[in-house]
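What follows is a short report on a single structure.
Values in this text are rule-based calculations from the coordinates and carry no lab data. Since the model is a prediction, treat every value here as computed from it, not as a measurement. Because the Cβ atoms are built from the backbone with ideal geometry, glycine has one as well, and the counts that use them run over all protein chains shown.
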Amino acid sequence: MQRAWPADAVERRPLASLLPYARNARTHSADQVAQIAAAIREWGWTVPVLVDEAGQLIAGHGRVLAAKSLGLLDVPAMVARGWSEADKRAYALADNKLTLNAGWDADLLKGELFELRSEGFDLGLTGFGAEEVAGLLGDLAEVAATDTGETGEASGGGAGIGMGAAPEGDE
């Protein structure tokens, strides 16, 4: 018999009731927390945190820090019911590591960033820094210049165009 999935039920939990896992190996810089907060402001809350029955965080520490910085009082949460301590500790690691094991299709990534920038979208919300965007889109600027017979950057401005300023109070 398959055990219930935490994602089958999402509930609101007060931030004050959530307990950070003291041995969480994943770190969150002030800059990254500000990026998460900016994404929450833009799109709302899209991924619930995962807690155990006692309210200890298993996944979502960065989102909770961002929620606190935004002054939110409660957040969507899923409860991992009946998980062993080993399950919770292992999932906390897996939740962070498994996404790092993915790669990027460089051509598709460049195309998406180029189009978003051309539409005036704030690329800072994507999590890519201005230098990363410049490095990725530099190749496209050269191709566009070659295709049009011009020199310099492709239309849409410099690689920093569309990069929003850091949220107020971010260091």
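Please give the FRET efficiency for residue 23 paired with residue 115, using the beta carbon to beta carbon distance and R0 = 30 Å, rounded to the nearest 0.05. After rounding, the FRET efficiency stands at 0.10. Using only the C-alpha atoms, the convex hull of segment 1-69 corresponds to 110 Å³ per residue.
One decimal place: the segment residue 101-residue 74 gains 6.6 nm when fully extended, by the rule 0.36 nm per residue minus the C-alpha distance. In this simple spin-label approximation, residue 32 and residue 89 carry label points 7 Å from Cα along the Cα→Cβ vector, and these lie 2.1 nm apart.
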